[in-house]
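Read-outs: derived from the displayed coordinates by stated rules, not from any lab. Note that the structure is a prediction, hence the values are computed from the model and not measured. Note that each Cβ is placed from the backbone with ideal geometry, even for glycine, and that neighbours are counted across all protein chains shown.
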Amino acid sequence: MFEPRVALASLSGESDAEWARAGADDAGAAFLGGIALDGDSRAAARELVERDRAEFLPEDPLAFVAAELDSLADAPVRPAVNVRSTTLAPVREAARLCADRDAILEVNAHCRQAELCAVGCGESLLRDTERLGEYVAAAAEEGADVSVKVRTEVEGVDLVETARAVESAGAEAVHVDAMDSEPVVRDVVEAVPDLFVIANNEVRDRESVREYLDYGADAVSVGRPSADPRVLRRVRDAVEEWFAESAGSEESNADEVSR
Ligand SMILES: Cc1cc2nc3c(=O)[nH]c(=O)nc-3n(C[C@H](O)[C@H](O)[C@H](O)COP(=O)(O)O)c2cc1C
C-alpha cells in the first residue's frame with residue numbers, strides 16, 4: 001500500500017495537500033480530509049463549524065478532491081482521501097478520482113460527532129455494516145484501493161466482524177483508531193490476515209510503534225502531531241528499525257531451516 005509504513009491521519013480542516021507535502025519526507029501515505037461529499041454530510045459539517053470545529057467545506061467537494069490530489073502528483077507520498085457521505089453516488093465519484101491518481105479512498109466510519117452520526121455518517125456506519133459494505137463495494141468497483149477508518153470502544157460493535165465485512169466488500173485496508181484498546185489490532189490482524197492494517201492512536205515514539213507492529217499491524221499512522229517533524233522522524237525511524245529486525249530474524253529462521 002505504501003512505504004515507509006507511516007501514514008499521516010486525517011485532521012478535518014487541516015489535512016490538505018500542503019499538510020501532506022510537509023510530512024512527506026517521513027510518511028508513505030497521507031489521508032487528506034475528512035471531506036463531506038453530499039448535501040446532508042455537508043450540512044452536518046456546517047453545524048460542526050458553528051461550534052468551532054475546523055472542517056473542509058469547499059464549494060465543490062469533488063473538484064476540491066481532484067485539485068488536492070493533482071497538486072500532490074509529484075510529492076513522494078501516496079495520497080488518500082477520507083470521505084463522509086450519506087449517499088453512494090459521490091463516494092463512487094471520489095473513488096474514480098482516486099483510482100485515476102493511484103490514491104486510496106478511505107470511507108470514514110470513525111467520526112463520532114453527533115451531527116455526523118445523526119445523518120448516518122462516521123461512527124454510525126459501524127452499526128450498519130451492510131451500508132458500510134455498500135460504500136466499500138461502490139468505491140472498489142471504481143478501481144480505487146479502499147481503506148475503512150474505524151474506531152474501537154463503540155458499544156455493540158465488534159471490530160473483528162466489521163473488518164471481515166469490509167474485506168468481503170472489497171476493502172484493501174482497515175485503519176484502526178485503537179483508542180485505549182490497543183490489543184484489538186492483534187484481533188483484527190488475526191481475523192483478516194489479508195487486510196492491510198494501519199494502527200492509529202497515540203503513535204508517537206519507539207515504544208508505541210513497537211507495540212502496534214508487534215500486534216501485527218502493517219503500518220502505523222499519526223494524527224494530532226502530524227505537523228511535527230520530530231515526531232514523524234522518530235516514528236519513521238522506529239518503524240524502519242522494527243521491519244529491519246523482523247526481516248533479519250526471518251532470514252536467520254530460513255538459515256536454520258535450510259541447514
Ligand atoms: C481535530 C481532529 C480532527 C479529526 N478529523 C478526522 C476526520 O475528519 N476523519 C477521520 O477519520 N479522523 C479524524 N480525526 C481522528 C485522527 O485521524 C486520529 O484517528 C486520532 O486523532 C487519533 O490519532 P492520534 O493519537 O495520532 O491523534 C480527527 C482528530 C482530530 C483531533
Practice item. Could you pull out every residue, at least 5 positions away or on a different chain, whose amide H is within less than 5 Å of the one on Phe196? Hs are placed 1.01 Å off N in the peptide plane, and Pro or chain starts have none. Key: Ala173, Val174
Check your understanding: Taking H as built 1.01 Å from N, whose amide H comes closer than 5 Å to the amide H of Ala30, not counting residues under 5 places away?
Key -> Leu8, Arg78, Ala80
Point to revise | Largest to smallest principal axis extent of the C-alpha atoms in the chain, angstrom | key: 63, 38, 33
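What is the Rg over Rh value, at two decimals, for the range 122-200, using alpha-carbon atoms and the Kirkwood definition of Rh? Could the numbers behind the result be given before it?
Details: Rg = 11.4 Å, Rh = 12.3 Å.
Result for the range 122-200 is an Rg/Rh of 0.93.
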**Study point:** Förster radius 45 Å - calculated FRET efficiency between Phe243 and Thr87 (Cβ-Cβ, nearest 0.05)
**Key:** 0.65
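Cα convex hull of the range 132-259: how many Å³ per residue?
Values: hull volume 16.5 nm³, N = 128.
Measuring per residue, one finds 129 Å³ for the Cα hull of the range 132-259.
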Practice item. Between Glu59 and Asp205, with labels modelled 7 Å along Cα→Cβ, what's the label distance in nm to one decimal, could you check? Key: 4.8
Point to revise | Derived scalar couplings ³J(HN,Hα) [the range 210-220; Karplus, 6.51 cos²θ - 1.76 cosθ + 1.60; whole Hz; x for Gly, Pro] | key: 5, 4, 5, 5, 5, 6, x, 4, 7, 7, 10
**Study point:** Calculated FRET efficiency for the pair Arg46/Ala191, C-beta based, R₀ 35 Å, to 0.05
**Key:** 0.40
Exercise for review: First measure r as the distance between the Cβ atoms of Ser168 and Asp228, then evaluate 1/(1 + (r/R0)^6) with R0 = 30 Å and state the FRET efficiency to the nearest 0.05.
Suggested key: 0.20
Check your understanding: Tell me, what ³J(HN,Hα) does each residue in the range 80-93 have, in order and in whole Hz, if you take phi through Karplus 6.51 cos²θ - 1.76 cosθ + 1.60 with θ = phi - 60° and put x for Gly and Pro?
Key -> 9, 10, 8, 10, 10, 7, 9, 10, 6, 4, x, 5, 4, 5
